[in-house]
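The values are calculated or read from the model by the stated rules, or taken from the named source; none is laboratory data. The structure displayed is predicted, hence computed values, not measured ones. Note: ideal-geometry Cβ built from the backbone for every residue, glycine included; neighbour counts use all protein chains shown. For accessibility, only protein heavy atoms count, side chains too; no ligands or nucleic acids. Shrake-Rupley method; radii C 1.70, N 1.55, O 1.52, S 1.80 Å.
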Amino acid sequence: MLTKRQVLVLKEIIRLFTESGEPVGSKRLMRELPIHVSSATIRNDMASLEDAGLITKTHSSSGRVPSTQGYRYYLDHLVEPVRVSHQELATIKQAFSQRYNKMDEIVAQSAQILSNLTSYTAISLGPEVTNIKLTGFRLVPLGNHQVMAILVTNNSNIENQVFTVSQNISSDELEKAIRIVNDQLVGLPLIQVAQRLKTDVPSMLMQYLTSPEGFLDIFGNVLKSAASERFYVGGRLNLMDYLGDSDIHELKKIMSLIDADHGDLTELLGGPIRQTPVQVRLGPELKPIDLANLSLITASYDVGDHGTGMIALLGPTQMPYSKMIGLLDVFREELAKRLTDYYANFDQ
């Protein structure tokens with residue numbers, strides 16, 4: 001249990017180290033603390049904090065820096081989010097003021113806006129696909145046995161891919177197969193569409209196609225793409241600003257994670273999306289890999305019937321948490337408002 005003075009000392013060490021990146025000594029603390037105490041008293045408090053594992057000495061310097069345990073204590077008990085200024089709020093609103101044609105454009109833009117505001121790496125994940133429904137499917141002939149498959153959903157997203165079809169399938173057969181899809185599956189959530197592709201749809205297609213596997217592969221692939229979670233990353237190269245040459249291995253790990261299978265990125269963000277307050281996880285607490293010198297701040301945002309998404313900031317352990325938590329809390333509200341306005345056009 002820390003004394004009130006030890007709490008003040010710990011908070012001041014974290015503040016000063018966050019601002020300067022330099023170890024904090026007793027003489028500097030004596031000048032900066034809001035109360036008047038002797039250098040000897042401060043040294044005693046620093047010794048107690050070090051014994052508790054909340055601060056640590058670096059090399060031969062007499063200064064101290066917060067430990068991971070110290071940051072955790074601060075985040076769990078002491079951090080006070082800073083209110084976003086009117087200017088910062090106006091900047092966020094202005095950045096979201098452009099016209100968007102797709103929901104994904106808003107989510108992608110949010111990662112870039114957040115990265116620009118913070119100079120950290122931002123990750124955004126669109127609202128979950130649970131309630132997204134199929135509104136149409138068609139194939140456009142391109143010649144040379146190629147077709148473009150176009151799938152449209154109720155959030156106005158359009159997914160398209162080019163496929164080569166078997167010479168054994170005629171255009172009339174394809175049209176009949178498309179008609180079955182649109183008659184039987186339009187209006188259903190994409191998850192239900194995927195389930196029916198494995199159950200009754202193949203038998204329906206057998207009435208018109210000698211071998212429906214080729215058509216099912218085409219439709220299944222474009223459906224999978226439409227139903228996949230969309231992750232967007234802004235400011236990837238910002239990682240290089242606060243990871244030095246000695247952290248090159250860590251930089252490679254996080255870059256590989258960002259570019260790898262989305263399952264790893266989902267795990268990094270904390271698993272399936274659920275409505276949560278702003279949360280901070282420090283390097284050793286992150287999965288699937290330990291990013292010792294990094295921290296991740298995550299926040300969910302709610303778009304009503306259209307689901308819940310997530311935004312996150314990946315930055316150095318010594319980031320100014322009070323400011324970043326306050327900023328992320330406001331930012332998710334503005335992102336949710338922008339998406340709600342966008343969906344209103346289609347809900348009507």
*Do the conditions hold for Asp259, that is, is it of a type outside the set (Phe, Trp, Tyr), at pLDDT below 80, open to solvent by 20 Å² or more (accessible area, probe 1.4 Å) and over 24 Å from the mean Cα position of the chain (by Cα)?*
no
*Go through (1) surrounded by 14 or more Cβ atoms within 10 Å (Cβ to Cβ); (2) at pLDDT 90 or above one by one and return the number of the condition Val162 breaks.*
(1)
_In the range 268-306, residue modelled with the highest pLDDT [restricted to those that are crowded, with 18+ Cβ neighbours inside 10 Å, within 18 Å of Ser110 (Cα to Cα) and more than 13 Å from the chain's Cα centre (by Cα)]_ = Val303
*Do any residues in the range 22-34 that are over 10 Å from Glu12 (Cα atoms) have Cβ atoms under 8 Å from those of residues that are assigned to a strand (DSSP E or B) and open to solvent by 20 Å² or more (accessible area, probe 1.4 Å), where the two are at least six apart or on different chains, and which pairs are they?*
Pro23/Lys57; Pro23/Arg64; Gly25/Arg64
*Which of (1) assigned to a helix (DSSP H, G or I); (2) open to solvent by 60 Å² or more (accessible area, probe 1.4 Å) does His36 not meet, given it meets every other one?*
(1)
*Considering only the range 117-144, state which residues are open to solvent by 60 Å² or more (accessible area, probe 1.4 Å) and either within 15 Å of the chain's Cα centre (by Cα) or of a type in the set (Gly, Ala, Ser) (or both).*
Ser119, Glu128
_Can you tell me which residue is most open to solvent (accessible area, probe 1.4 Å) among those in the range 60-112 that are touching a residue at least 60 places away in the same chain (Cβ under 8 Å) and among the polar types (S, T, N, Q)?_
Gln112
*Between a first residue in the range 155-179 that is on the phi > 0 side of the Ramachandran plot and a second residue that is of a type in the set (Lys, Arg), which pairs have beta carbons less than 8 Å apart while being 6 or more apart in sequence or on different chains?*
Ser156/Lys102
*Return only the number of the condition from (1) surrounded by 13 or more Cβ atoms within 10 Å (Cβ to Cβ); (2) not in a loop (DSSP other than H, G, I, E, B) that Arg31 does not satisfy.*
(1)
